[in-house]
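The values are calculated or read from the model by the stated rules, or taken from the named source; none is laboratory data. Not measured: the values here are computed from a predicted model.
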Amino acid sequence: MSPAFEGLYSKIGRPSIPPEKLLRTLLLQAFYSVRSERQLMEQLDYNLLFRWFVGLSMDTPVWDVTVFTKNRERLLAGDVAAKFLATVLGQPRVKALLSDEHFSVDGTLIGEPSRRHRFKPDGERGVGEELPAQGRQR
C-alpha cells in the first residue's frame with residue numbers, strides 16, 4: 001500500500017502524520033474502545049504499548065488532537081482506509097477468523113452473578129438473599 005500512502009503526503013509545508021501510523025492509531029481506538037480522539041492522544045502520550053504499536057519512540061511528541069483529526073479526515077476522504085481494510089480482510093489468516101454466522105447473547109444472564117457481589121451497607125440485603133435465621137419473621 002506504499003504507493004497509496006505516498007500519494008497522501010505533501011512535498012511542501014509542515015510534515016503530516018504518516019498514514020500508516022494514523023491507521024495503526026485508529027486501529028487502537030477501535031480495539032480498545034477509546035471514546036474520543038482526545039483520549040486517544042492521551043493514551044498515546046503515556047501508554048508504551050500504544051506507542052510501540054503505532055511506531056512512536058518514547059521521546060517522540062504525540063500529535064495535537066486537531067492535527068490528528070484533520071489528517072484522519074484526509075485519510076478517509078482518500079479511500080485509503082477502505083483499501084487498507086479490504087487488504088487486511090483479504091489476508092488468508094484473517095479470512096480464517098471471519099464468519100457469516102450470527103449469534104446473540106441473553107444479557108439477563110450476564111448481570112445475575114454480579115448482583116450478588118455488590119457492596120451492601122449494614123442491614124440491607126441483596127437481591128435474592130434470605131434474611132439471617134434470627135431476622136426471619138414467621
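What's the total number of residues in segment 21-76 that are among the basic types (K, R) and outside any helix (DSSP H, G or I)?
Total meeting the criteria: 1.
Which of (1) assigned to a helix (DSSP H, G or I); (2) at pLDDT 80 or above is the odd one out, the single condition L97 does not satisfy?
Evaluating L97 over (1) assigned to a helix (DSSP H, G or I); (2) at pLDDT 80 or above leaves (1) as the failure.
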